[in-house]
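Q: Take a look at this one; I'll ask things after.
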Amino acid sequence: MAELFIKSEIIDRSMEEDIFSEVEPFRIKMVEPIRMPSREEREKCLDEAGLNVFLIKGKNIFIDLLTDSGTGAMSDRQWAGLMMGDETYAGSRNFYNLEEAVQDILGFKYVLPCHQGRGAENVLHTSLIKDGDVIPGNTHFDTTKAHIEHKKGRAIDCTIDEAADPYIDLPFKGNLDLKKLEEVYKEYGKEHIPFTVVTATCNSGGGQPVSLQNMRAVKELSDRYGIPVCLDGARYAENCHFIKVRETGMEKHSMKEISRMQAECFDIMTMSAKKDAIVNIGGFIATRHEEIYDSVKNLGILFEGFVTYGGLAGRDLEAMAIGLYEGLDEDYLKYRIGHVRYLGERLKERGMPVLWPPGGHAIYLDMKEFLPHISPDQFPGMAFCAHLYLESAVRGVEIGTLLNGRDPDTGKNRPAKLELVRLTIPRRVYTFKHLDYVVKAVLKVWEKREQIKGFDLTDEPPVLRHFTAKFKWAE
Ligand code: F0G
């Protein structure tokens, strides 16, 4: 398998010798027991879930790598912050703490809290997108794309071509291709492009970072065409870490300085705080422009709630304000990225087809190599997840043809460019030893790979089908 990997490995500056890339910079004050269901129970659970691991109850999962969203462990300070919730309907002090944190870390003057990332997308997109508009970006996340399409717009992917090769070892595989972007600008003009969205890190592209240089170039180009740029910043802090350790001249800057430099490339930011702000629920829209804030705030009130709470309790706002700082802490980020990379390296050493370099929040396995005998129409990623669960009670998630959905014109499955399974690491939740268990689990599936069959759909919802679709084993 080694020949899959192209070019030398990226060595992240300072990661090599740094203790926090291999030891947790926290100690554990509270534990939540997890239980291993028996093989018989696992078989029953999978069967009852129509073979879709999404439908298995959490209590029947041993290690849950479905998502890093809202699954992080809050710190003692965040829990203390919850006790300081000011549940005033309008003007809660926790809102002002959040506003200050966003202004300090990101430099955006205006902050509109929302209950989570897609709440922010719904408010922003309803306000800015009209029928027939296009929104260019770097492999939009699925809720972003779904919201764009819901507002009768269209997402256009302008990611660099290299991102489609899972084994090219490049430092910034989330970058946008400026030529592709300018072609879109020339074809549609600012009349039909309400904004461009940069997702950093790029989740659907393997958790890959975007360089500061690329963001600056996108901003400069977009300014020339009069088009605002929006950061989908769910994992903005992890992106800052990659900028610090991979981009020339950046190592001397603090995380906050890098975050401010990054944010300067954007007019707007939508945030799912369930990721890099390490809260279980929360999000916001932030902008430096009063007119954009004015255009979103009324829809915010309509969809999410008053402008100082946005669908959240005062206590949630407080946990988010504190979590923004913790998620940008340099030692924490070294641990975080090192922890994820540890899983990737252990799997790669054993010859597993791992998308390379490792992402910031997850390891992605290439199903075209793992299960080459299963066609995209029979969802190899889903079959892998089912077997991973049967072997180990570990839950991963398919990022492939099932997630991609059907072409609205032809009704056919849209085969994904990359057929992946994502092993997503919650923040501050699992230990390095848990990851060793995951490695063993993946190897067990590998040993049986030739006998693994694909899936046939038995029940398929019309939108976002991956959440609730059901299957049977293909003959
Ligand atoms: N943008 C990105 C890049 C995301 O990864 C997500 C969610 C959202 C927006 C939407 O945020 O969930 O708070 O509404 N990603 C989760 C995941 C669901 O598993 O990757 P949300």
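Q: Where both partners of a DSSP beta bridge lie in the chain, what percent of those bridges are antiparallel, to the nearest 5?
A: Around 65 percent of the beta bridges assigned by DSSP in the chain are antiparallel ones.
Q: Ok, one more. Using all Cα-Cα distances in the range 149-252, what percent lands in each 5 angstrom bin from 0 up to the longest?
A: 2, 12, 23, 23, 20, 12, 5, 2, 0
Q: Quick one: putting +1 on the C-beta of Lys and Arg, -1 on the C-beta of Asp and Glu, what dipole do you get for the range 76-326 around its Cα centre, in Debye to the nearest 20? Don't skip to the end; give the middle numbers.
A: On the way: 28 positive and 38 negative charges, 9 e Å.
The dipole of the range 76-326 has a size of about 40 debye.
Q: So, one more: Which of the listed residues, 434, 212, 167, is farthest toward the dipole's positive end in the chain, when Lys, Arg count +1 and Asp, Glu count -1 at the beta-carbon?
A: Sorting the options by dipole projection puts first 434.
Q: Counting pairs of alpha carbon atoms under 8 Å apart in space and at least six apart in sequence, what relative contact order in percent does the chain give?
A: Computed value for the chain: 23 percent relative contact order.
Q: Which loop trypsin sites (Lys or Arg not before Pro) in the range 13-91, with loop taken from DSSP, have no more than 15 other Cβ atoms within 10 angstrom of their Cβ?
A: Numbers: sites: 13, 27, 29, 35, 39, 42, 44, 57, 59, 77; in loops: 13, 27, 29, 35, 57.
Hits after loop and neighbour filter: 13, 27, 29, 35, 57.
Q: Take every Cα pair under 8 Å in the range 166-228 that's 6+ residues apart, average their separations, divide by the length, and report that relative contact order as a whole percent.
A: Values: 51 pairs, mean separation 28.6, N = 63.
Across the range 166-228, relative contact order equals 45 percent.
Q: Rounded to the nearest 0.05, what FRET efficiency is calculated for residue 54 and residue 331 with R0 set to 35 Å and r the Cβ-Cβ distance?
A: Efficiency computed from Cβ-Cβ geometry: 0.55.
Q: Still on this model: Using Cα-Cα distances under 8 Å and only pairs 6 or more residues apart, what relative contact order does the range 334-475 have, in percent?
A: Relative contact order, the range 334-475: 25 percent.
Q: Looking at the range 197-280, which GluC sites (Glu not before Pro) are DSSP coil and have at most 13 other C-beta atoms within 10 Å of their C-beta?
A: Those satisfying the criteria are 251.
Q: Okay, moving on. With each run of n ≥ 4 DSSP H residues scored as -39500 (n - 2.57), what mean residue ellipticity at 222 nm is computed for the chain after dividing by its residue count and rounding to the nearest 500 deg cm²/dmol?
A: One gets -12000 deg cm²/dmol as the mean residue ellipticity at 222 nm.
Q: Rounded to the nearest 5, what % of DSSP beta bridges with both residues in the range 76-326 are antiparallel? Mind showing how you got there, number by number?
A: Details: 12 of 24 bridges.
The antiparallel proportion sits near 50 percent.
Q: With Cβ to Cβ distances under 14 Å as the rule, what net charge do the other residues near residue 184 carry (K, R +1; D, E -1)?
A: That sum, taken over residues with Cβ under 14 Å, equals -1.
Q: So if each residue of separation counts as 0.36 nm, and I subtract the Cα-Cα distance between residue 298 and residue 345, what length gain in nm does that give? Spell out each step's value before the answer.
A: Values: separation 47, 0.36 × 47 = 16.92 nm, distance 4.78 nm.
Going from the current span to full extension adds 12.1 nm.
Q: For the range 76-326, how big is Rg over Rh, using alpha carbon atoms and the Kirkwood form of Rh?
A: 0.96
Q: Next up: Counting other C-beta atoms within 10 Å, and keeping those with at most 14, which DSSP coil trypsin sites (Lys or Arg not before Pro) do you find in the range 339-447?
A: Values: sites: 341, 346, 348, 350, 368, 395, 406, 412, 417, 422, 427, 428, 433, 440, 444; in loops: 350, 412, 417, 427, 428.
When the trypsin sites (Lys or Arg not before Pro) of the range 339-447 are filtered for loop state and at most 14 Cβ neighbours within 10 Å, 350, 412 remain.
Q: Work out how much length residue 433 to residue 169 would gain on full extension: take 0.36 nm times their residue separation and subtract the Cα-Cα distance, in nm to one decimal.
A: On the way: separation 264, 0.36 × 264 = 95.04 nm, distance 2.67 nm.
Extra length available between residue 433 and residue 169 comes to 92.4 nm.
Q: With the dipole of the range 6-119 worked out from charges on the C-beta (+1 for Lys and Arg, -1 for Asp and Glu) around the Cα centre, which of 90, 103, 37 lies farthest toward the positive end?
A: The listed residue farthest towards the positive side: 90.
Q: If you project the alpha carbons of the chain onto the principal axes, what extent comes out on each, in Å, largest first?
A: Taking max minus min along each principal axis of the Cα atoms, the chain gives 59, 54, 44 Å.
Q: For residue 225 and residue 470, calculate 0.36 nm times their separation in residues minus their Cα-Cα distance, and state this gained length in nm to one decimal.
A: Roughly 83.6 nm would be gained on extension.
Q: What is the set of long-range amide H partners of residue 359 at a cut-off below 5 Å, with H atoms built 1.01 Å from backbone N?
A: So residue 359 has HN proximity to 364.
Values quoted throughout were computed directly from the atomic coordinates according to the rules given, and no laboratory measurement underlies them. Owing to the predicted nature of the structure, the values given are computational and were not obtained by experimental measurement. Note that we place each Cβ from the backbone using ideal geometry, even for glycine, and neighbour counts take in every protein chain shown.
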